[in-house]
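Scroll down for the structure; my scribbles are underneath it.
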Amino acid sequence: MWAIPLLLVIVLWPTKKAPEKRPETVWLPPVELAENIRVTPTSQGVQNTSPLSDERALRQAITRWSQTWSERDVPAYLSLYSQDFVPPKSLSRERWAQLRGERISGKEKITLSVQNLKLQINGSKAVVKFTQVYTDERLRKLDHKTMVWRKNDGQWLIQSETTD
């Protein structure tokens, strides 16, 4: 007998409903009036040579250098070195290119990563320092590398490199 009154109390007990949002309390973003909007024309024919675009292009060139080495694409890899590249150990550029090509294509798999990249761009010349992690089927090597890149005809190319 006592269950029926208890059930009625539970069913009929008042509950709080969430307040309904009225239209005037809903947030809307501000509207910009058309007369306050000004469109300025861009300069056509002017090439953007800001340091940011140079940095972006240089970073892309470094990535391309790393990828072509990892992919063992010798012609693409060597194309990133300028014609006046100064090879180590007093080698001629031609002899250096031949040795690099043999060394790269002779590997089954190469993985190369560039870490802790630091760039110093001064006009058409850049000094790039980074940690190079090289891995092939027999070797894993960590080197600190310094490269000098020169921008020639809008393209960044390697002029010299040293390994510490």
Within the stretch 146-155, can one find any residue that is surrounded by 15 or more Cβ atoms within 10 Å (Cβ to Cβ), assigned to a strand (DSSP E or B), touching a residue at least 24 places away in the same chain (Cβ under 8 Å) and not hydrophobic (A, V, I, L, M, F, W, C)? yes
Can you name every residue in the stretch 103-121 that is in a strand (DSSP E or B) and surrounded by 11 or more Cβ atoms within 10 Å (Cβ to Cβ)? ILE110, THR111, LEU112, SER113, VAL114, LEU117, LEU119, ILE121
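Just to be sure before I move on: is SER124 hydroxyl-bearing (Ser, Thr, Tyr) and either open to solvent by less than 40 Å² (accessible area, probe 1.4 Å) or within 22 Å of LEU91 (Cβ to Cβ) (or both) in the structure I sent?
no
Listed residues TRP96, TRP69; which is over 14 Å from TRP156 (Cβ atoms), in contact with a strand residue (DSSP E or B) (Cβ under 6 Å, 6 or more places away or on another chain) and in a helix (DSSP H, G or I)? Show your work before the answer.
Working: TRP96 fails: in contact with a strand residue (DSSP E or B) (Cβ under 6 Å, 6 or more places away or on another chain).
That would be TRP69, the only listed residue that is over 14 Å from TRP156 (Cβ atoms), in contact with a strand residue (DSSP E or B) (Cβ under 6 Å, 6 or more places away or on another chain) and in a helix (DSSP H, G or I).
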Could you look through the stretch 71-85, keep only residues that are over 10 Å from ALA97 (Cβ atoms) and within 22 Å of the chain's Cα centre (by Cα), and pick out the one that is surrounded by the most Cβ atoms within 10 Å (Cβ to Cβ)? LEU80
Find all pairs meeting these conditions: Cβ atoms under 6 angstrom apart; at least six residues apart or on different chains; first residue within the stretch 125-136 and over 28 Å from ASP153 (Cα atoms); second residue in a strand (DSSP E or B) and open to solvent by less than 30 Å² (accessible area, probe 1.4 Å). TYR134/LEU112; ASP136/ILE110
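The values are calculated or read from the model by the stated rules, or taken from the named source; none is laboratory data. A quick note: this is a predicted structure, and the numbers were derived from the prediction, not measured. Here Cβ is always computed from backbone atoms with ideal geometry, including for glycine, and neighbour counts include all displayed protein chains. Areas reflect the complete protein model, heavy atoms only, side chains present, ligands, DNA and RNA absent. Shrake-Rupley method; radii C 1.70, N 1.55, O 1.52, S 1.80 Å.
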